[in-house]
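Report on one structure; see the data block that follows.
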């Protein structure tokens, strides 16, 4: 699915003011001028190391459609067949593009945590539901919750998986990266159930349930422990629940960090939702 960058409705005045200040800071930085003191982030004086570092940082976001596409491309036919057999075949046909960080930041602020609707202005709303998640990813939407595992068990299992995936190169800190899994898939050192599980761990980490971690998390280990029944869980509900949590964290961080607040959750889903809704409006206007 080809992504189209569309802003469905002009941001409100507060958003315009914030974006105006950001544009001014970027222009001043490009010209070598000092930024307006009023624009300095909390805790950092103008010209301080903290303020300069803040200007260089991008919004922290780990939802990575590009990494996911590379993972899918590295799967052989037998592994793809196993993914389809677990009712995740829709992900293999998913063609995500890159994320628009500015648009995604705006969308996170527009997500109503109580109704789980994107309130994009002008009375327009887009519902974030299990069904809409299924329409985008076509992942399992019936069943129960993932297999329960304690943190201690997950720590032990992650170490085991790290040694199996990375061999002697494995280091508990930082752990297993998506690049480690991708390298194993390309070199064919990861096969059968280990490759199958590694793919799902990376899918959860880099696409469906991302946060600011760069490596495989305990949650990814827990969610893939019962590989045999992984297709019998309601993953659409899990994505919606995770987005609600992500929006809550973002809005909390936004108070202090403004547009530099980290973005959690499945950002690519929000962007596709807004694109589809906008295209439907355009289609209806043309009828």
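The separation of the stretch 60-102 from the stretch 214-269, counted between C-alpha centres, amounts to 16 Å. Would you please classify the overall shape of the stretch 185-287 from the alpha carbon gyration tensor, given that a ≥ b ≥ c denote the square roots of the eigenvalues, rounded means a/c under 1.5, and beyond that prolate means a/b larger than b/c while oblate covers the rest? Verdict is oblate for the stretch 185-287.
So if R0 is 22 Å, what FRET efficiency would residue 252 and residue 125 give, r being the distance between their Cβ atoms, rounded to the nearest 0.05? If you can, show how the numbers build up before the last one.
Values: r = 23 Å, r/R0 = 1.03.
Working from the Cβ atoms, E equals 0.45.
Length available on full extension from residue 229 to residue 212: 0.36 nm per residue minus the Cα-Cα distance, which gives 3.3 nm.
If you stretched the chain out fully between residue 194 and residue 142, how much longer would it get, using 0.36 nm times the residue separation minus the C-alpha to C-alpha distance? If you can, show how the numbers build up before the last one.
Details: separation 52, 0.36 × 52 = 18.72 nm, distance 2.52 nm.
Between residue 194 and residue 142, full extension yields 16.2 nm more.
Remark: the residue 114-residue 153 segment gains 10.6 nm on full extension, using 0.36 nm per residue and subtracting the alpha carbon distance.
Computed from the coordinates by the stated procedures, all read-outs in this text should not be read as laboratory data. Everything numeric here is computed off the predicted structure, so don't read it as measured data. We place every Cβ from the backbone using ideal geometry, glycine too, and count neighbours over all the protein chains shown.
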